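The values are calculated or read from the model by the stated rules, or taken from the named source; none is laboratory data. The model shown is predicted, which means the values in this text are computed figures rather than measured ones. Positions of Cβ are backbone-derived with ideal geometry, glycine not excepted, and every protein chain shown enters the neighbour counts.
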There are 2 protein chains.
Amino acid sequence: MLGNFKYSNHTKLYFGDNSLAYLHGELEKYGKNVALVYGGGSIKKNGIYDDICKILNDSGKNVAEIGGVMPNPTLAKLREGIKIAREHNADFILAVGGGSVCDYSKALAVSVYCEEDPWEKYFIRFEEPECKIIPVGCVLTMAGTGSEMNAGSVITNQQTKQKIGHVFSDEHIMPRFSILNPLYTMTLPHYQMVSGIYDIFNHICEQYFSGEDDNTSDWIAEGLMRSLIHSSLIANKNPQNYEARSNIMWTATWALNTLIACGKSTDWMVHMLGQAVGGMTNATHGMTLSAVSMAYYRHILPFGVKKFARFAVNVWGVNPDGKTDMQTAGEGLSMMEKWMRELGLVMNISELGVSEDMLKSLTDVTLIMDGGYKKLDRDEITEIFRESL
Amino acid sequence: MLGNFKYSNHTKLYFGDNSLAYLHGELEKYGKNVALVYGGGSIKKNGIYDDICKILNDSGKNVAEIGGVMPNPTLAKLREGIKIAREHNADFILAVGGGSVCDYSKALAVSVYCEEDPWEKYFIRFEEPECKIIPVGCVLTMAGTGSEMNAGSVITNQQTKQKIGHVFSDEHIMPRFSILNPLYTMTLPHYQMVSGIYDIFNHICEQYFSGEDDNTSDWIAEGLMRSLIHSSLIANKNPQNYEARSNIMWTATWALNTLIACGKSTDWMVHMLGQAVGGMTNATHGMTLSAVSMAYYRHILPFGVKKFARFAVNVWGVNPDGKTDMQTAGEGLSMMEKWMRELGLVMNISELGVSEDMLKSLTDVTLIMDGGYKKLDRDEITEIFRESL
């Protein structure tokens, strides 16, 4: 049954090749002191940085820069940003980049005025902020995490080697607006593009492979997956195809903005396995997910055969005639694997720098979720990591 | 290609069998003077009215009632409501009912402080309000129109026999919150339930059958249609099935809250034909749509064969092997007709009170849209109405 839930998402989205034109009007709604957050500097090469600085300048903003946010934003970097934003008395945070920059900006938004240690409060105790939250706006340059329209944030503690995500309940942590220009995603290397595509796909899987209920959310999820598979194959061959890249960008947003989790249970175990790998290797997020996915899904398939068979038929077009659910389900996963290999995703964790002697510590740091078709024990986690080597 | 667009929808939704519990907290955010809008009085029979009056009373509200809003809310009724709301100095409008009550409340929200004639301004000239807009909240008792999460309103002018809808751009016209309790829809007669189901389905069709682009919105639309067909067949046999009724209610909201129109063209010609019938006969909205649909879609099929073939395969599971697109497309429409007949929908306009001598005036009042696969001329409109007799 469709469980009880609340849906509220007030992020305003400007989508399209002209969407930056709306930044000026949005900035007018917020205070003068802006913290401009960005990543490794690619926005300086492709011109986006200059365009945005001009708009900030024309809007009369007083800007402090927090550059160099890394793909897995660290707690140390967060502490550095808190110091800058405090000294600048920031009224507004403008995130220009991909999911990491957006995640980081949201963590910053709830930490600048937080009197406790933000790592302990938000990522260990998973508490909500009680302090003033600085509003965040986003100019997205990579499709994948969905961070542009949700209240989630993932931070890595390099000392403890923990990469932990927190989806906040407080809707004020969602970006007030996000500017989505598919052209901005086109300068990404192929490796980053397909990594983002798999991140999107896996977000949908994490919400889909849970529960036995009949739920509209699962039908929407199937539509999103079909759209993504279709567009990914076009973009894989021709990354400059605007139609495919724009559909991928739009799918990413809806894959993780709470809609397809409405009224149902969710899994998120692939993300826990992937984040354990990410915390230890600093590998690209989407690739940590792809590298553990097939071993995980084949492991849990027997506990959710009906859903995996539905996935095979409704998403991959497997013809179920004359087959058992188990056969149909297995065929679906084979088609998924074939698609993943065609995109050139990383299919094992060895390639990401994991060796057999790391399996024990990887297993130890993996958080165990219980919303999937089988709650894993530590031995099963080790087994899945070994299968993924 | 996915066109440029803005997406912004801040209606907060409380969904589930306990959702009325959130009304008190929402009411606290608004002023003391509440205009309580409802329909023909069914909420007095099923106890919803008493529950809501208790909450309004406990919240210390000063309530003026605007009851008796009819299924096709009239301009005369709107003028009556404006007078009551003005005299009451209403700070807030609480709509308790189905789409008509919600549509009416939104029209009221932009009319109370409007200095011009609201019919001329909003429904003839399709202008946006410049006056103060009274905030609206909604407790939904019927699934269908999607009015609970959009800025649309349909009003009927009985003098001119015009039924006209306006989808406002100003997002402040969307309800601030909507309470969706599937149990509230269960006391509806079967005729109203299936009428609502077809209204939902047709909303999706109107947005789907337009454009040749590859667009994520169309894949989401297919997911929604499949979910709706599936749940409608369960609810048709067992209207008390909570799971089916809740999925139908949730699908209705997403079928018409702007999401699946993002970045694409849309049609809305079935609604124009249906509204012409509705304006002249006062028939139930969903039935006016079902009664003209098959003639319309069979008429435009040759101009959008590819999309109709996709509809047949992706929504109805038609096997396209060895068939022309035309054959596949035709099979899809036949399956749709079979489903409509199984639900017991009205399949011709004679049953709604239209006779051959009314065809000319029906044709004359029909607004012509140009987003579909074929822009109709007046002769084609007459032909479609005649086919629908």
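Enumerate the pairs (first residue in region A:173-184 and over 15 Å from A:T141 (Cβ atoms); second residue anywhere and crowded, with 24+ Cβ neighbours inside 10 Å and among the basic types (K, R)) with beta-carbon separation below 9 Å, excluding pairs fewer than 6 apart on the same chain, so at least 6 apart or on different chains.
Within 9 Å, the pairs are A:I173/A:K106; A:M174/A:K106.
What are the pairs, 6+ residues apart or on separate chains, where a residue within region B:267-280 that is at positive phi has its Cβ under 6 Å from a residue that is small (G, A, S) and surrounded by fewer than 24 Cβ atoms within 10 Å (Cβ to Cβ)?
Close Cβ pairs (under 6 Å, with a partner that is small (G, A, S) and surrounded by fewer than 24 Cβ atoms within 10 Å (Cβ to Cβ)) do not exist here.
Per-residue answers, yes or no, for (1) part of a helix (DSSP H, G or I); (2) more than 30 Å from B:N181 (Cβ to Cβ); (3) more than 13 Å from chain B (Cβ to nearest Cβ):
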residue	(1), (2), (3)
A:K6	no, no, no
A:A21	yes, yes, no
A:Y30	no, yes, yes
A:L36	no, yes, yes
A:G40	no, yes, yes
A:D50	yes, yes, yes
A:I55	yes, yes, yes
A:G60	no, yes, yes
A:M70	no, yes, yes
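Evaluate the following for B:S361: is it more than 26 Å from B:M193 (Cα to Cα) and of a type in the set (S, T, N, Q)?
Numbers: more than 26 Å from B:M193 (Cα to Cα): yes; of a type in the set (S, T, N, Q): yes.
Yes: the conditions hold for B:S361.
Quick one: which helices (runs of 4 or more DSSP H) sit completely within region B:244-336 and have at least 1 residues that are within 14 Å of chain A (Cβ to nearest Cβ)?
B:305-316
Select, from B:V315, B:V305, the only residue that is surrounded by 20 or more Cβ atoms within 10 Å (Cβ to Cβ), touching a helix residue (DSSP H, G or I) at 6+ places or on another chain (Cβ under 6 Å) and modelled with pLDDT of 95 or more.
Details: B:V305 fails: surrounded by 20 or more Cβ atoms within 10 Å (Cβ to Cβ).
Going through B:V315, B:V305 in turn, just one is surrounded by 20 or more Cβ atoms within 10 Å (Cβ to Cβ), touching a helix residue (DSSP H, G or I) at 6+ places or on another chain (Cβ under 6 Å) and modelled with pLDDT of 95 or more: B:V315.
Looking at region B:161-180, can you tell me whether even one residue there is at pLDDT 95 or above, farther than 28 Å from A:G211 by Cα, away from every other protein chain (no Cβ under 13 Å) and part of a helix (DSSP H, G or I)?
Yes.
Quick check on region A:79-91. Is at least one of its residues more than 14 Å from chain B (Cβ to nearest Cβ), acidic (D, E) and outside any helix (DSSP H, G or I)? Let's see the steps before the verdict.
First, pick out the residues of region A:79-91 that are more than 14 Å from chain B (Cβ to nearest Cβ): A:79-91.
If we keep only those that are acidic (D, E) too, we end up with A:80, A:87, A:91.
Narrowing further to those that are outside any helix (DSSP H, G or I): A:91.
Scanning region A:79-91, I find at least one residue that is more than 14 Å from chain B (Cβ to nearest Cβ), acidic (D, E) and outside any helix (DSSP H, G or I), so the answer is yes.
Show the residue pairs that are 6+ apart or on different chains and have beta-carbon atoms under 6 Å apart, the first residue being within region B:37-57 and closer than 12 Å to B:V69 by Cα, the second being part of a loop (DSSP other than H, G, I, E, B) and of a type in the set (G, A, S).
B:Y38/B:G67
Within region A:33-40, can one find any residue that is in contact with a Lys or Arg (Cβ under 7 Å, 6 or more places away or on another chain) and at pLDDT 95 or above?
Looking for residues that are in contact with a Lys or Arg (Cβ under 7 Å, 6 or more places away or on another chain) and at pLDDT 95 or above, one finds at least one in region A:33-40, hence yes.
Within region B:140-174, count every residue that is of a type in the set (D, E) and farther than 19 Å from B:V112 by Cβ.
Of the residues in region B:140-174, 1 are of a type in the set (D, E) and farther than 19 Å from B:V112 by Cβ.
Is it the case, given these coordinates, that A:V96 is at pLDDT 95 or above, closer than 21 Å to A:T141 by Cα, part of a strand (DSSP E or B) and among the hydrophobic types (A, V, I, L, M, F, W, C)?
On the way: at pLDDT 95 or above: yes; closer than 21 Å to A:T141 by Cα: yes; part of a strand (DSSP E or B): yes; among the hydrophobic types (A, V, I, L, M, F, W, C): yes.
Yes; evaluated as a whole, the condition is true for this residue.
Looking at (1) crowded, with 18+ Cβ neighbours inside 10 Å; (2) touching a residue at least 24 places away in the same chain (Cβ under 8 Å); (3) not aliphatic (A, V, I, L, M), which is the one condition that is false for A:G223?
(2)
Inspect all residues belonging to region B:189-196 and state whether any of them is surrounded by 21 or more Cβ atoms within 10 Å (Cβ to Cβ) and either within 14 Å of chain A (Cβ to nearest Cβ) or in a loop (DSSP other than H, G, I, E, B) (or both).
Of all residues in region B:189-196, those surrounded by 21 or more Cβ atoms within 10 Å (Cβ to Cβ) come to B:193-196.
Those left that are additionally either within 14 Å of chain A (Cβ to nearest Cβ) or in a loop (DSSP other than H, G, I, E, B) (or both): none.
The answer is no; no qualifying residue exists.
Is it fair to say B:L259 is at pLDDT 95 or above and in contact with a His (Cβ under 8 Å, 6 or more places away or on another chain)? Lay out the reasoning, then the answer.
Details: at pLDDT 95 or above: yes; in contact with a His (Cβ under 8 Å, 6 or more places away or on another chain): no.
It is false that B:L259 is at pLDDT 95 or above and in contact with a His (Cβ under 8 Å, 6 or more places away or on another chain).
Being buried (at least 22 other Cβ atoms within 10 Å of the Cβ) and within 13 Å of chain A (Cβ to nearest Cβ) is the filter here, so list the residues in region B:205-215 that pass it. It would help to see each step written out before you state the result.
Taking region B:205-215 and keeping what is buried (at least 22 other Cβ atoms within 10 Å of the Cβ), we get B:205-211, B:215.
Scanning region B:205-215 gives B:Y208, B:G211, B:N215.
Counting only residues that are surrounded by 24 or more Cβ atoms within 10 Å (Cβ to Cβ) and in contact with a Pro (Cβ under 8 Å, 6 or more places away or on another chain), how many does region B:106-121 have?
So the answer is 5.
Is it the case that some residue within region B:219-226 is of a type in the set (D, E), on the phi < 0 side of the Ramachandran plot and within 7 Å of chain A (Cβ to nearest Cβ)?
Of region B:219-226, the ones of a type in the set (D, E) are B:222.
Next cut, on the phi < 0 side of the Ramachandran plot only: B:222.
Applying the additional criterion that residues be within 7 Å of chain A (Cβ to nearest Cβ) yields B:222.
The answer is yes; a qualifying residue exists.
Given the structure, is A:T145 surrounded by fewer than 19 Cβ atoms within 10 Å (Cβ to Cβ) and among the β-branched types (V, I, T)? So that I can check it myself, show each step before the final result.
Numbers: surrounded by fewer than 19 Cβ atoms within 10 Å (Cβ to Cβ): no; among the β-branched types (V, I, T): yes.
Considered against the rule, which asks whether it is surrounded by fewer than 19 Cβ atoms within 10 Å (Cβ to Cβ) and among the β-branched types (V, I, T), A:T145 comes out as no.
Check A:E356, A:E351, A:E383 and return the single one that is under 27 Å from A:P189 (Cβ atoms) and in the same structural domain as A:C205 (by TED's automatic domain parsing).
Details: A:E356 fails: under 27 Å from A:P189 (Cβ atoms); A:E383 fails: under 27 Å from A:P189 (Cβ atoms).
Being under 27 Å from A:P189 (Cβ atoms) and in the same structural domain as A:C205 (by TED's automatic domain parsing) holds for just one of A:E356, A:E351, A:E383, which is A:E351.
Take the residues of region B:8-19 that are small (G, A, S) and surrounded by 21 or more Cβ atoms within 10 Å (Cβ to Cβ): which is farthest from the other protein chains (Cβ to nearest Cβ)?
Taking region B:8-19 first, the residues small (G, A, S) are B:8, B:16, B:19.
Next, from what is left, pick out any that are surrounded by 21 or more Cβ atoms within 10 Å (Cβ to Cβ): B:16, B:19.
Numbers: B:G16: 3, B:S19: 7 Å.
This residue is B:S19.
Counting only residues that are in contact (Cβ under 8 Å) with a residue 24 or more places away in the chain and within 24 Å of the chain's Cα centre (by Cα), how many does region B:3-36 have?
17
Considering (1) at negative phi; (2) not assigned by TED's automatic domain parsing to the domain that holds B:T284, say which one B:G146 fails and leave the rest.
Failing condition for B:G146: (1).
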